[in-house]
Amino acid sequence: MSEEAPRGPLTSLPMIQLIVTPSKALVDEPVSILATGLPPLQVVTIKATLKDEKENLFQSRAFYKANEAGEVDLEQAAALGGDYVGVHPMGLFWSLKPKRPFQRLMKRDVMNSPFCITLDLYDSVRLKDSATIRPKASQTVQRWFVGPGVQRKQIREGRIRGALFLPPGEGPFPGIIDLFGIAGGLIEFRASLLASHGFAVLALAYFAYEGLPDKLLETDLEYFQEAADFLLAHPKIQQPGIGVISVCKGAEIGLAMACYLKQVVATVCINGPIAVSAIPLRYRDLVVPPSQLVPEHIQIHASGAIQFRSNISDPINRLNPQSILPVEKARGWILFIVGENDECLDSKAYAQAAMDQLQSHGRSNGRMLAYPGAGHLIEPPYSPCCFASWTFASAKPLLWGGDSIAHAAAQEHSWREIQKFFRQHLSPSGSKL
C-alpha cells in the first residue's frame, strides 16, 4: 500500500475589499476610499451611483491600477481615465453626472434622509453597466445634509416663508439668511449644512412657494427686511446684525440688502450682478429700474443650453447707470465669490466693478475671491459640477459652466472662506466697520 504524499499548507487568495471611511458623514466631509486584496498591478474600475429623491440617476467612474501590494488608495493613487484623471480622493463624488441630461443634483428633504452613494469595484475597465457582470466589492456611503442635534423650524410668519435651522445648544448663534436664485421655491441644503457648523440660518423663499408670487415681477426689499427683523428678534440669534449668503439672482438681492438694510453686516455674493436686472427693485419710496436683458445677445451652446453670458468683453458699460446698486453705502462687509468660467453672468467683471466702486469712495469693506475654471453654481464641497440644467419656467436648459476639477477645488476653498468670513464679521466686535 503506497503512502499518500504529504500536502503543504493550503493558501487562499486574499478577499477583495472596498473600505470606505467614514461610511456616514456630512456631505462637506471627505471620505477615504481603499481597495485591497487585488492582484498586483490589476486595472480596476470604481463606479459611484446615486439616485436622487425623484429617482434621477447620477453616476461617475474612474480607472485605477493597483500597486504591488494589490491596493488602490484614492488618497495617493492617480486615476488613469474615466470621469477625471489624476489624484483626486473625492473625485467620484464631484464628478457624478446625470444619466438624463440637464438634471441638477439637489437635496430637497434634508432632515429625514441622506443621499446614499453606492461604490462598486470591478476588476477590469468597465465603460458601461452590465446586468451580468457583478462587482467584486461594494459599499454604500451615507451623505447627510444635517448634523446631530440641528433643528428645523418651518417659518410662516406674516409674509415670510422659509425654514430656520438652529444648531444644538442654547446659543446665541450668528444668524444668516440664505438666498438662491431663479430656481424659485425653498432650497434648504446650504442652510442645513451651515447650521451643522454652528450658524443659525433662515433658508428664505421669495417666489414660487406657499402663498408667495408664482413669478417674480418685482423685488420687494421690504419683504427681505421683514425676514432680517424676524431673524434678529429670535432669542437664539447673536446681535447686533445678520449675514446673507446668496447666489445668482439671490446675490443681486443680497447685495441690495447690504446696500439698504442696516441689519445686514456681512454678505456673501456668489456669482451675481451688481445692478438690478430684468425686474425693478422696490424699497419704500425708492424704485430702482432694471437693466434690461438684450435677447439678441443670447447664445445657444452646442449642448442646446442657453448661454446668457454675453461675449461682449465689457458688460459694465451696457448697464443702465440708474440700475447699479450703491455698494459704497453698504454698512457691513461684502465677500464676492466668482467663477471665471461662469457661463450665466460675467461675474468677475461685475465683482471687479463693485470693488472699484468701493475703492473710489474710499471704502475697504469688500473682498473678491476669483476662481479660474469654476462655473456659476459654486456649492458646498464635493457637490457635482452642474454644467447646465433646467430651471424654473425656462424654455431651454441654462448653461452654468465650470471645469469639473477646477470647480471642485473652488467649492472646497470657498466653503472654508465663507465660514471664516461669517465667524469673523458676525461676532459682536467684528460687525463694526
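Annotations for the structure displayed:
- Applying a DSSP loop filter and a limit of 16 other Cβ atoms within 10 Å to the GluC sites (Glu not before Pro) in region 194-284 leaves E210, E218.
- Modelled spin-label separation between S360 and C116, with each label point placed 7 Å from Cα along the Cα-to-Cβ direction: 5.7 nm.
- Largest GNM mean-square fluctuation among Q263, Q225, Q42, using the chain with Cα springs under 10 Å: Q42.
- Relative contact order (%) - criterion: Cα under 8 Å, at least six apart; region: region 271-423: 23 percent
- Taking every DSSP beta bridge that has both ends in the chain, the antiparallel portion is near 60%.
- Surface share of carbon and sulfur [accessible, 1.4 angstrom probe, percent] for region 351-426: 54 percent
- Average Cα contact separation per residue, region 66-208, under 8 Å, 6 or more apart, as relative contact order %: 18 percent
- 20 Å Cα-Cα reach of K420 towards aspartates and glutamates, excluding residues that sit fewer than 8 places from it in its own chain: D28, E29, D178, E379, E412
- For the set K329/K396; K215/K396; K236/K348; K153/K348, the pairs lying more than 28 angstrom apart at their alpha carbons are K329/K396; K236/K348; K153/K348.
- Ranked by solvent-accessible area (1.4 Å probe, protein heavy atoms only, all chains present), the residues M355, M106 order from largest to smallest as M355, M106.
- In the context of the full set of protein chains, region 10-120 has a per residue accessible area of 48 Å² (1.4 Å probe).
- Comparing mean-square fluctuations of P213, P372, P30 from a GNM of the chain with C-alpha springs under 10 Å, the top value falls on P213.
- Cross-link partners for K47 among the lysines, with Cα-Cα distance under 22 Å and sequence neighbours closer than 8 places in the same chain left out: K24, K65, K97, K99, K107, K128, K136.
- With every protein chain in place, region 66-214: carbon and sulfur % of accessible area (1.4 Å): 50 percent
- Structure-derived mean projected area of the Cα convex hull in nm²: which label, when the choices are (i) 26.3; (ii) 20.0; (iii) 21.0: (i)
- Largest GNM mean-square fluctuation among G37, G362, G70, using the chain with Cα springs under 10 Å: G362.
- Model label sites at E328 and Q424, defined 7 Å from Cα along the beta-carbon direction, differ in position by 2.4 nm.
- Working note: 222 nm ellipticity from helices only, DSSP H runs with n ≥ 4, each -39,500 (n - 2.57), summed and divided by the residues of the chain, gives -5000 deg cm²/dmol to the nearest 500.
- By DSSP, the beta bridges lying fully in region 334-433 are antiparallel in about 25 percent of cases.
The values are calculated or read from the model by the stated rules, or taken from the named source; none is laboratory data. This one's a predicted model, so the numbers in the text were calculated from it and none came from an experiment. Neighbour counts are summed over all protein chains in view; Cβ atoms, including those assigned to glycine, are modelled from backbone coordinates with ideal geometry. All accessible areas refer to the heavy atoms of the entire protein, side chains included, with ligands and DNA or RNA removed. Shrake-Rupley method; radii C 1.70, N 1.55, O 1.52, S 1.80 Å.
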